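Contents: one structure, followed by commentary.
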Amino acid sequence: MQMRFRLEGFYIIPNFSQFPATTSFTRLTVLPASLFQPTRVQRSSTVCLLSLTQLLKSEKWMNVQVGDIVKLENNEFVTVTIVCLSFLVCHRETNLKVKQALTHTGDLGNDIQKLAAFNGEVRCEPPNNRLDKFTGTLTVRGETFALDNERILLRGCTLRNTEWCFGLVVFGGPDTKLMQNSGKSIFKRTSIDRLMNVLVIFIFGFLAFLCTILSIGNAIWEYQEGNSFITFLPRADGANASLSAFLTFWSYVIILNTVVPISLYVSVEILRLGNSYFIDWDCKMYHVKSNTPAQARTTTLNEELGQIKYIFSDKTGTLTQNIMTFNRCSINGKSYGEVVDFAGQRVEVTEVKKVDFSWNSLADPKFCFHDHKLVEAVKSGSPEVQAFFRLLALCHTVMPEEKTEGELFYQAQSPDEGALVTAARNFGFVFRSRTPETISLVEMGMPTTYKLLAVLDFNNVRKRMSVIVRSPEGKLTLYCKGADTIIYERLHPSSSKLITTEHLNEYAGEGLRTLALAYKDLDEDEFEKWKERHHEASTTVEDREAKLDTIYEEIEKDLLLLGASAVEDKLQDGVPQTIEQLAKADIKIWVLTGDKQETAENIGYSCNMLREEMKEIFIVAANTAEEVREELKSRLLGKKSQVVEDEKVDGEYGLVINGHSLAFALQKDMHLELLRTACMCQTVICCRVTPLQKAQVVELVKKHKKAVTLAIGDGANDVSMIKTAHIGVGISGQEGMQAVLSSDFSFAQFRYLQRLLLVHGRWSYLRMCKFLRYFFYKNFTFTFVHFWYGFFCGFSAQLGLDTYYWTAVNQFFLWGSLSVYFAVTFTMYSNGMYLIFTSSFPFIGTARNSLNQPNVWLTIFLTTILCILPVVAKRFLFIQLKPTINDKVRQAKAVPPPPPRKFPRRRISTRRSGYAFSHARGYGDLVTSGRFLRIPVKSRPALFPHTDTPVADSTPQTYRTIFEEAQSP
């Protein structure tokens, strides 16, 4: 795919572009990226645009298109994929990725006029999810320049160490690599939720079945016995047994509705809320150092924690602390870092005084080393030792940050690079600053600047990194570091490696991460010819990596071995013990990491996931689909079915597979073979995997194993995996908060996972099961009482137990449970229990002593008032400020009516007798006449012999009311 862009001439070819076609872009877009973060979209965000008149104007983010030039500032997020036109450093997570602008475009600076007049063409690859790869070219004035991952700034990154940056938008929206790797948000439900839904459906069917039985019984009873009770229970016209059965069916639906768990879901959510609070309040899951408690970010998955079968874990920052320390090194056949006494016996470093680096004013005060012989060798001017640390100070992609004079802060692409550069800094070779073309060092107190000519970067196939520099004296040197097996293949025959190999084996046995270091002096003519071939290969779009690897192989040969380094990636506290306990619970752990294969294997051994006593460890590292298929077929295979069953194998096995092979293994025609092989292994480690591949592995297990999965990680690259798994756990560490924000549960250390699953998960599951059993037992018991009573009341849909009884039972169990709880609590902490079990109850009368204190009751009273007062005040204010119609009606009724108007009485001179007034003509005649009374009912003879009564005639009785007649004057 080819995409062409022009600014003031940048245009898009409609047939190839992923964006709406536009004839031209003749404006400069200046975008403050903080308005649009990866996890939060602000629809009203605006940007500044530079029109043809070179005036800035405001524009919305939705109008940003491919071909616009964006401006970003320090510490701001990147929201699109851009080609860097100015030098910058990009910070993604906590590991810095070095991004360099082309020298040709870097001269544009922040000159608006030059940027507006810029004219060029970009050809690049189509949108994909490969975060570690980008292929493209930029053509300016007939010259073609290579664009790779170092020239691209991806969405989701943050700028560091630069005040501003200009870049050309090449992808946006769903075409960015971050969005290509993003997973769908899945509504997570527990197996108990699904079971309850099925049970409720069956309960409705069961209710209909019971009501049908009772209605049939009513029809039979009415047909056989109903005529005998017509005298007492007269029927309406047209009523028969069929109509009675129909009405009885719906009457029993109302009576027996208690079998339907109407309040079940509310009760379950309340129980889950309580379980979530238990997780939040667990002091044993609180990390004191970072002041981070455990947090249940959802209340619907607590009981699912007790059914976990597979755990998918990230490595860096999850299993490890992501903190590297320089531990050992081998230089010119001599090992440094291990302290021995005069007898040659190894001495613990805690018993030896640390090396004093006060002679180096730029040394890192946090760096710790105990072997004094290495410092003496550096000070004595040993050429091999100084060349060793010079290589560490030059061959890297670390970026320095010097906020104040002499205070350096290294921001490294990986922690092990930072550890190596820090070691060189303390031993006198201080990496001070860098530009795209130079590297500045301070060698033993003397400032030195090297010209950087080429960087042969690391990748998973090369497993090494090299730089070509020119010293101030004009000498050309290639410095290389990488895996020992790769470096050894490229050594000069005269270079000795026997002793260094022994040291490397010793370091690897201690679980350290090792690198071999070598160098080579270059000829000027040879380098110029190689540089031309390198430029030609770097500007091709197709098969660029393969061509560059071939060019790199030409110059990385006949190297001279300098030595080896060993750094320690410290595991988090309790990781091996946690993995051991989870394995005992028959929980399998798969490690999905983006690190190198060697690093992942070393951590696997450190965590006791990979062990020497394992029968075999399979390594799948093929480069083609057919090779991957053959390697999987040669491993253990089970029965071929869509659901992969757990099979027992003879011995323990491990599986290590890299991301390139995993991409082929996840194809539809091969993924079941991968899953069968992986499930028969005790440990599975996937290295060099992309975020999308992590999610695909989790989805593969979810779909075919029918098991509950859990994913745990600490970085943004783990978000897709966390969302895909049944339960996602985020670790709030050094990798930011994106994993935590996407997770269901979060805490600070991996070791807390043991307590989350084996304690809270198990207890939550048991509580939920016991509650459901009691809930259904209670409902069915009450319902079957009415069902059985229907056989004794003629199926007349009468209540066997009154509603008051049911209410009384609920109240009894509610308050009875609380009473029993407090009674048991007071008993457990009473004086008597203390005297009986002194060792188990060290505190005497805790509950009684607490409740005897007035301040306890005052606290309870004030807490109750403070909880009620805001609600009452809120309701009062709402009634006064925003009354509803009902409130207005109530207020109108509350207003008393106006008092009746009083008129003054006329005063009469002649006084009337009170007695005469009270005996005025009244209602005596009406009372004595009896005309206001009803006509009395006629006396009725015997019931059955006579049929002249209204009851016998089945006719309703009527009454006539006698009204008072008008009295004649």
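The values are calculated or read from the model by the stated rules, or taken from the named source; none is laboratory data. The model shown is predicted, which means the values in this text are computed figures rather than measured ones. Glycine also receives a Cβ, built like all others from the backbone with ideal geometry; neighbour counts cover every protein chain displayed. Heads up: the accessible areas ignore ligands, DNA and RNA and are worked out on the full protein's heavy atoms, side chains in. Shrake-Rupley method; radii C 1.70, N 1.55, O 1.52, S 1.80 Å.
The residues listed here are 420, 391, 408; of these, the one that is of a type in the set (A, V, I, L, M), in contact with a Phe, Trp or Tyr (Cβ under 6 Å, 6 or more places away or on another chain) and open to solvent by less than 40 Å² (accessible area, probe 1.4 Å) is 391.
Report whether or not residue 816 is modelled with pLDDT of 85 or more, in contact with a Leu (Cβ under 7 Å, 6 or more places away or on another chain) and on the phi < 0 side of the Ramachandran plot. No; evaluated as a whole, the condition is false for this residue.
Quick one: is residue 412 touching a helix residue (DSSP H, G or I) at 6+ places or on another chain (Cβ under 6 Å), hydrophobic (A, V, I, L, M, F, W, C) and farther than 20 Å from residue 355 by Cα? Criteria met by residue 412. Only one entry of 837, 787 meets the criterion of being at pLDDT below 85, more than 30 Å from residue 307 (Cα to Cα) and over 41 Å from the mean Cα position of the chain (by Cα), and that entry is 837. Taken as a whole, the structure leaves residue 537 outside the set of residues that are buried (at least 17 other Cβ atoms within 10 Å of the Cβ) and either more than 46 Å from the chain's Cα centre (by Cα) or within 30 Å of residue 327 (Cβ to Cβ) (or both). Working only within region 418-447, note down all residues that are part of a strand (DSSP E or B) and of a type in the set (Val, Ile, Thr). 430, 438, 439, 442, listed by residue number. If you go through region 595-618 and keep only what is open to solvent by less than 30 Å² (accessible area, probe 1.4 Å) and closer than 24 Å to residue 698 by Cβ, you end up with 597, 599, 600, 603, 604, 607, 609, 610, 618.
Tell me, yes or no, whether region 798-810 has at least one residue that is at pLDDT 85 or above and more than 25 Å from residue 268 (Cβ to Cβ). Within region 798-810 (the criterion being at pLDDT 85 or above and more than 25 Å from residue 268 (Cβ to Cβ)), the answer is no, since none of the residues qualifies. Count of region 135-161 residues, restricted to those that are open to solvent by less than 30 Å² (accessible area, probe 1.4 Å) and over 31 Å from the mean Cα position of the chain (by Cα), is 7.
Of the residues making up region 251-270, those that are farther than 16 Å from residue 783 by Cβ and either open to solvent by 40 Å² or more (accessible area, probe 1.4 Å) or touching a His at 6+ places or on another chain (Cβ under 9 Å) (or both) are 265, 266, 269, 270. Exactly one residue out of 245, 239 is part of a loop (DSSP other than H, G, I, E, B), open to solvent by less than 50 Å² (accessible area, probe 1.4 Å), without any contact (Cβ under 8 Å) to a residue 60 or more places away in the chain and more than 30 Å from residue 579 (Cβ to Cβ): that is 239. Of all the residues in region 111-140, those that are basic (Lys, Arg) and touching a helix residue (DSSP H, G or I) at 6+ places or on another chain (Cβ under 9 Å) number 2. I'd like to verify a number: residues in region 478-508 that are small (Gly, Ala, Ser) and open to solvent by less than 70 Å² (accessible area, probe 1.4 Å), how many? Of the residues in that region, 4 qualify. When region 179-196 is limited to residues that are open to solvent by less than 50 Å² (accessible area, probe 1.4 Å) and not basic (Lys, Arg), the one that is farthest from residue 720 (Cα to Cα) turns out to be 196.
Every condition in (1) outside any loop (DSSP other than H, G, I, E, B); (2) over 25 Å from residue 573 (Cα atoms); (3) open to solvent by less than 10 Å² (accessible area, probe 1.4 Å) holds for residue 396 except the one numbered (1).
For the criterion of being surrounded by 22 or more Cβ atoms within 10 Å (Cβ to Cβ), at negative phi and within 22 Å of the chain's Cα centre (by Cα), residue 312 passes.
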